[in-house]
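Heads up, the thing below is written out as structure tokens.
Read the figures in this text as sums done on the coordinates, not as results from a lab. Small disclaimer: the values here were computed from a predicted structure and weren't measured. So basically every Cβ, Gly included, is an ideal-geometry build from the backbone, and we count neighbours across all protein chains shown.
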Amino acid sequence: MARITLHLNGRPAELEGRERASLLEALRAAGLSGAKEGCGEGECGACTVVVRDARGYRAVNSCLVPLAAVAGGEVWTVEGLGEPGSGAHPVQQAVVAEGAVQCGYCTPGVVMSLFAGYYAGDPLGTVEGNLCRCTGYRPIRDAARHLGDPAPGDPFLRRLSLPPPQPGPWYGQQFMRPTGLAEALALLAEPGSRPVAGATDLALAADPGPRWVSLEAVPELRGLAREPQAVVIGAALPLADLGAMLGEGWPFLRPWLAVFASPAIRNRATLGGNLATASPIGDSAPLLLVLDAVLRLRRAGGERTVPLPAFFRDYRRTVLEPGEIIAAVAVPLPLPQEVRFYKVAKRPRDDISTVAAAFALSRDAGGRVQTVRMAFGGVAATPVRATAAEAVLQGRAWTPAAVAEARAVLGRSFRPLSDLRGSSAYRQALVVNLWDRFVEEVQGP
């Protein structure tokens, strides 16, 4: 058993548990029972707690956070928001005033998401990852909308002016957190080591491996650099930070992130992790494929670059060698003139794709196609580009006949499997229908 020191609800504290056990498990063992386990997969939000870092208060799914990952950090649970005699927090007051409670099971998680959003100026957006099985969404929405700005003397607002925690190195038997890339690569070169960043996928693995090497505290993997011909994104940069750091000039980024899991997941999930899992329905690969992204891979003693289409070998298999990691994702500049990402799922938000599609198009002044890319998830064993359909349009004038010809080829390009999320025929129909949507949006013929 490990003893993890941290700041918990504003006070120095110690949590005890297995290094890779969930933070949720340790909190409940310590008597903090507000956070609940609903799904155990980060989909329902009942386990939501808040961490504070350099970007403020972040809602996270405590069922997916390894206990050792919060060593030296700052964590807030619903029990820490209001003290006896000091009154309830404004978020708690809003939830009570609007009657945003039914059975109460999900309420602590809802409160913590609203709390993080309250100090970020977006309580309604932050609560998107919280499910209410009693379907009490209207009063929850009303509570979020009626929250004002924090008062100048708000103690949690004042706390944001203090230096954020800077978790340092931590070494256990099953979880290690180095603070430099060279050390991380050296640890990963040892047999049995697996890299982990946000753990939003690996925390659910049936065989997690004997030891995790955390990349969360490696600054070389968490930056964003603008080179003359590319934007280079650190593979361990959380998706939420990516949206905040790029934003302007990347208009397709915000709608893409909005349907990428939930805010709590995006606060920890990374591009590197999403690509390395090689899921055929991962949401990052189709977009990065149409942007012609190139992966920069590193291991002890070596580095190489791999174009993203060559990275995926088969279902859940990549070209990564033992001890090798995705260090960065390079997106070439200039960006295509038109970029879109579409996702079809059972729910419009916080759900896994049935089919994901991305398209990119650049035309010259005369309307001739300079670059066209079409990429899909959910239609093959790996994320894949529709290169045959692209070839139909490349270098040709953007005419109704050319677009129709490409559409016909696209409709014959894939033979997806049927599963619980959709039949093969349904997925094939989505491929061409999403292309039609793109054509309409870019004001084609």
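Scan the chain and hand back the longest stretch that contains none of the chymotrypsin sites (Phe, Trp or Tyr not before Pro) lying in DSSP loops with at most 16 other Cβ atoms within 10 Å. Walk me through the numbers before you get to the answer.
Numbers: sites that count: Y105, Y315.
Between the exposed loop sites, the longest stretch runs 106-314.
Counting only cysteine Cβ atoms and a cutoff under 4.7 Å, the chain contains unmatched residues C103, C106, C132, C134.
What separates the Cα centres of region 280-325 and region 195-261 is a distance of 14 Å.
For every helix of n ≥ 4 consecutive DSSP H residues, a contribution of -39,500 (n - 2.57) applies; sum these over the chain, divide by its total residues, and give [θ] at 222 nm rounded to the nearest 500 deg cm²/dmol.
Values: 16 runs with 126 residues, N = 445.
-7500 deg cm²/dmol, from helical runs alone.
Can you work out the base-10 log of I(q)/I(0) for region 77-172 at q = 0.18, 0.22, 0.24 1/Å, using the Debye formula on its C-alpha atoms alone? The computed values of log10 I(q)/I(0) come out as -0.83, -1.13, -1.29.
Among C47, C134, which comes first, then next, by fewest other beta-carbon atoms within 10 Å? Show your work: numbers first, answer last.
Values: C47 30, C134 12.
Ordered from fewest to most neighbouring Cβ atoms within 10 Å, C47, C134 come out as C134, C47.
For region 1-167, the Kirkwood estimate of the hydrodynamic radius, built from every pair of different alpha carbons, is 15.9 Å. Ordering A236, Y426, S262 by the projection of their Cα atoms onto the charge dipole of the chain, which places +1 on the Cβ of Lys and Arg and -1 on the Cβ of Asp and Glu, puts Y426 at the extreme positive end. Under a model in which nothing but the beta-carbon of Lys, Arg (+1) and Asp, Glu (-1) is charged, the chain shows a dipole of about 740 debye around its Cα centre. Between the amide H of A328 and those of A235, R296, distances stay under 5 Å, these residues lying 5 or more places away or on another chain, with hydrogens modeled in the peptide plane. If you take the Cα centroid of region 80-125 and the Cα centroid of region 354-400, the two points sit 46 Å apart. Evaluated at 25 °C with a viscosity of 0.890 mPa s, what Stokes-Einstein diffusion coefficient in µm²/s does region 197-267 have when Rh comes from the Kirkwood expression over alpha-carbon pairs? Diffusion coefficient, whole number: 178 µm²/s.
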